Amino acid sequence: MPPPASRLWPVAMMALALAVAGCGGPPPQFALNIEGRRPQSVSPKQREAVEKALRKLFGTPDEPEVAEETHLRAELLAMAAGPVGGDAEGNQRGLFRRHCVTCHGISGDGAGPTAAVLDPYPRDFRLGLFKYTSTRGGAKPVRRDLRRTLLRGLPGTAMPSFAQLRSGEIEALIEYVKYLSLRGQTEFYLVELVVDGDEPLPLTMEFVVRDGLTPLARSWAAPEENAAEWVVVPPPRPSVATPESLAESVALGRALYAAKPSQCVKCHGPDGSGQGEETELYDDANKRKKGVTPEQTAEIAPRFRLPIQRLRPRDFRQGVFHGGAAPEDLYLRITLGIKGTPMPGAGAAPGVRAVLSPEETWHLVSFIRALGAGAEASPSP
Amino acid sequence: MKPLAVSNDPTSTEVPRSRLPHRLAWVLACVTFPLICVGGSVTTYRAGMAVPDWPNTFGYNLFLYPLSSWLAVWDVFLEHGHRLIGATAGLVTIALVLALWRGDRRRGVCWLGALALAGVCSQGLLGGLRVTGNALFLAMVHGCTAPLVFVLITTLVALTSPAWRRPARPAVRPGAQALGTIALVAASGIYLQIVLGAQLRHPGLGTAPGWFTLWVWLHVILAGILAVVVFGLLRLTARRLRDRPMLLRRSRWLLGLFVLQVVLGAAAWITHYNWPVWFSDLFGKIEYTVVTGGRLQAVLTTAHVAVGSLNLAAAVSLVLWSKRLARASPESSFP
């Protein structure tokens, strides 16, 4: 016979009270990034020193702090950081946790709860590398690049468009992504300094700011301040208004695609299917997980939060491009490459000659777009 | 009229005095289902913390929050609307309990009504504590227990219905007994799916990626198993209980809702995480960009949540009516 409800009430209330008591938990913290290292290779003293320095410079996920050298705007960070909340006017707080954390993780390590089921994995902001930018090799993205990714999303991936958000919210998220990136890069610097460089402890903050944080912050500011040097703006496209001019451009692009200097065929294959001779392709985050032998790869796998993931060169025949399918987007991809991946830039860079001229790049764009529209990679006999 | 003896069996078919409880049970079910839909929308839009206080709304009494402010902000509209519908559900449940205790002599049914009231109140409390503690875990629990309360209410709809009250003539039907047992397995599986779905909807900040992957796989595998069970239920009903149109109709409903749920689940996944890579490999890549807070994402995901509760209600209904009709003769004029 079931017990009377009067006896069940106290039990239910106790269970509820226990659940409530146990669910608050401590506020989330940034996890120390020692991925790829043996945990025992970092002593508790070293760990504490790095964590303390980072806390002083960047605060916590709930209460971020920004040193003057970072040029980050505290009021925007306050909107994006901390727990999710809002007011009667619809002003939001905790935007990062509301929209980004399930994929990118609280530390911005790209290893949030959903990350393992996604291909490609979410971006690891700590590397300071962003795939789709308008800046030359080695340079950080400009604000406009991050804004474009947030507003347009990445087609064909799990990265959504946040076009429904208010512009202030987008700016806050950009600021927080920069914050996590700068924090992550500073963390790399500190771990290398303390663990690999055997820097005497305790760390002096003046030294850390001067030699670590300031140069890193400068690398973010430089493309914004000196756009003429770092930012590439696609030149006007040669006219492809008539079917004849387009066909000519596609034919020229086809020849460039197959030519050795452009190296397209190596990864994307002669037919543009993404099945070239290079199959062992990894981005910078996954390259570290690859050992010389499969056994070695398996041995170091537990040191990373996510399993190794191979890159898939784009299948041009499908016409889906993560960085955008507009001619200008493709021009930038070919000219600048995709940062942090084996996709090289064919345009000129400081100290490096261009593989393709702007005009040639436009022809290649015409050809790649034609492949997406059903054209054959090889000319018809 | 001779007063009916008090019975402790909730499945007893004694005739109650009033039809009011049945009507109120229907009203409550019709209030609770939108409550689940709006609650699902609150999670889909991640608007659970849009109103930071509870039981007040931005300092106002729940029922006195200005209409213009309520309509001004979408997140607030959802969250405050969810609370208002919840409060309405609470009031209707109180009326139902009163009507049951006054109009239905079956003690078991009366206690079920009281349990429904406790469930509705607990849901309100859980939702409130989720807000005051900004506790994602409680949001997940709140989402898991809502379908249970809904099913309790739909059970009351069945138990207070005229069809249930009609006297049954004993006629043992082994097919109906087996159907009831399998339907119970299906209901348990569907509820487990709801719990797994809640895990996928509310991953904790510190959840390791491996756990989420595991839940996804369990959700998919269990859906496959349930497909076999639900199809088996319809087959059993069609073969051995063809003369029980009520069971046949419910089995068909369950299968239809289940198929709809699978389609909605796949669509909800795509609108959140895009087409899976294996799909693109097999059938070619489809150009699609996920839009956070987009209409398609919101409608499909929320519909997946809501139809999950309907699936559970349909399975439990099949359990109840199998038990009920196992004892009735085929000549009975059930609708």
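Residues with beta-carbon under 14 Å from that of A:GLU328, excluding A:GLU328: net charge, scoring Lys, Arg +1 and Asp, Glu -1?
+4
Using only alpha carbons, build the gyration tensor for the stretch B:170-329 and give me the equivalent ellipsoid semi-axes, biggest first, whole Å.
Square roots of five times the eigenvalues give 35, 16, 14 Å.
Whole percent per 20 Å bin, from 0 to the bin with the longest distance: what is P(r) over all C-alpha pairs of the protein assembly as shown?
Answer for the protein assembly as shown: a P(r) of 15, 41, 30, 13, 2, 0 percent.
Could you grab the relative contact order for the stretch B:157-278? Cα pairs under 8 Å, six or more apart, rounded to a whole percent.
That works out to 24 percent.
Provide a whole-number value for the mean count of partner chain Cβ atoms within 10 Å of the Cβ atoms in peptide B:201-208.
Across the residues of B:201-208, the mean count of other-chain Cβ atoms within 10 Å is 6.
As a check on your grasp of the helix formula, calculate [θ] at 222 nm for chain B: sum -39500 (n - 2.57) over DSSP H runs of n ≥ 4, divide by the residue count, round to the nearest 500.
-25000 deg cm²/dmol
Quick one: among B:THR207, B:THR271, B:THR57, which has the greatest mean-square fluctuation in a GNM of chain B with alpha-carbon springs under 10 angstrom?
Between B:THR207, B:THR271, B:THR57, it is B:THR207 that shows the largest mean-square fluctuation.
Mind listing the phi-derived Karplus ³J(HN,Hα) values for the stretch B:139-146, rounded to whole Hz, using 6.51, -1.76 and 1.60 with θ = phi - 60°, and x for any glycine or proline?
4, 5, 4, 4, x, 6, 7, 4
Go ahead and estimate [θ] at 222 nm for chain A from helices alone: -39,500 (n - 2.57) per DSSP H run with n ≥ 4, summed, over the residue count, rounded to 500.
-12500 deg cm²/dmol
Determine the relative contact order of chain A: mean sequence separation of Cα pairs under 8 Å and six or more apart, normalised by residue count, in whole percent.
17
What translational diffusion coefficient, to the nearest whole µm²/s, does the stretch B:19-166 have by Stokes-Einstein, given a Kirkwood radius computed over alpha-carbon pairs, a temperature of 37 °C and 0.692 mPa s viscosity?
Approximately 208 µm²/s, per Stokes-Einstein.
Averaged over its residues, how many other protein chain Cβ atoms are within 10 Å of peptide A:95-107's Cβ atoms?
Averaged over the peptide's residues, the number is 3.
Let me check against my output: what whole-number percent is the relative contact order of the stretch A:39-229, with C-alpha pairs under 8 Å and at least 6 apart?
23
Report, in order of residue number, the helices in chain A meeting two criteria: a C-alpha extent of 15 Å or more along the helix axis, and a mean Kyte-Doolittle hydropathy of at least -1.0; treat each whole DSSP H run as one helix.
Taking the DSSP H segments of chain A (at least 15 Å long, mean hydropathy at least -1.0), we get A:5-23, A:44-58, A:167-191, A:214-225, A:243-258, A:358-372.
Label B:LEU248 and B:ARG295 with points 7 Å out from Cα along Cα→Cβ: what is the distance between them in nm?
Modelled inter-label distance: 4.1 nm.
Find out how many positive minus negative residues lie around B:MET140, taking Lys and Arg as positive, Asp and Glu as negative, among other residues whose Cβ is under 14 Å from that of B:MET140.
+3
Just to compare against my own numbers: the Cα pair-distance distribution for chain B, 10 Å bins, whole % per bin, please.
5, 23, 29, 24, 13, 4, 0, 0
Could you tell me how many degrees, from 0 to 90 and to the nearest 10, lie between the Cα long axis of helix B:20-44 and the main elongation axis, the longest principal axis, of the Cα atoms of chain B?
20
For the protein assembly as shown, what is the percent of antiparallel DSSP beta bridges, rounded to the nearest 5?
If we restrict to bridges inside the protein assembly as shown, about 75 percent are antiparallel.
What list of ³J(HN,Hα) values in whole Hz, one per residue of the stretch A:303-310 in order, does the Karplus curve 6.51 cos²θ - 1.76 cosθ + 1.60 (θ = phi - 60°) give from phi, with Gly and Pro shown as x?
So the J values, rounded to whole Hz, are 7, 10, 6, 10, x, 4, 10, 7.
Can you tell me the orientation of helix B:295-325 relative to chain B, as the angle in degrees between its alpha-carbon axis and the longest Cα principal axis, to the nearest 10?
Roughly 20 degrees, rounded to the nearest 10.
Using only Cα atoms, find the angle between the long axis of helix B:209-240 and the longest principal axis of chain B, and express it within 0 to 90 degrees, rounded to the nearest 10.
For B:209-240 against chain B, the angle is about 30 degrees.
For A:GLY86, enumerate residues with amide H under 5 Å from its amide H, sequence gap 5+ or separate chain, H modeled in the peptide plane.
Long-range HN contacts for A:GLY86: A:ARG93.
Residue by residue through the stretch A:341-351, what is 3J(HN,Hα) from phi via Karplus (6.51 cos²θ - 1.76 cosθ + 1.60, θ = phi - 60°)? Round to whole Hz and write x for glycine and proline.
With coefficients 6.51, -1.76 and 1.60, one gets 10, x, 6, x, x, 9, x, 6, 9, x, x Hz.
At a 10 Å Cβ-Cβ cut-off, how would you order B:SER251, B:SER68, A:SER262, fewest neighbours first?
With the sparsest Cβ surroundings first, the list reads B:SER68, A:SER262, B:SER251.
Run the reach check for A:LYS52 against lysines, Cα to Cα strictly under 23 Å, same-chain hits fewer than 8 apart removed. What comes back?
Straight-line reach from A:LYS52, under 23 Å: A:LYS178.
Going by how many other beta carbons lie within 10 Å of each one, how would you line up A:GLU277, B:GLU79, A:GLU175, B:GLU287, fewest first?
A:GLU277, B:GLU287, A:GLU175, B:GLU79
Which aspartates and glutamates, on any chain, are close to A:LYS131 with Cα under 14 Å apart, when same-chain ones fewer than 8 places away are left out?
Correct list for A:LYS131: A:ASP145, A:ASP283, A:ASP284, A:ASP329.
Bear in mind these aren't lab numbers, they're just calculated from the coordinates by the rules spelled out. Note that the coordinates shown come from a computational prediction; the quantities given were computed from them, not determined experimentally. Backbone-built Cβ (ideal geometry, glycine too); neighbour counts: all protein chains shown.
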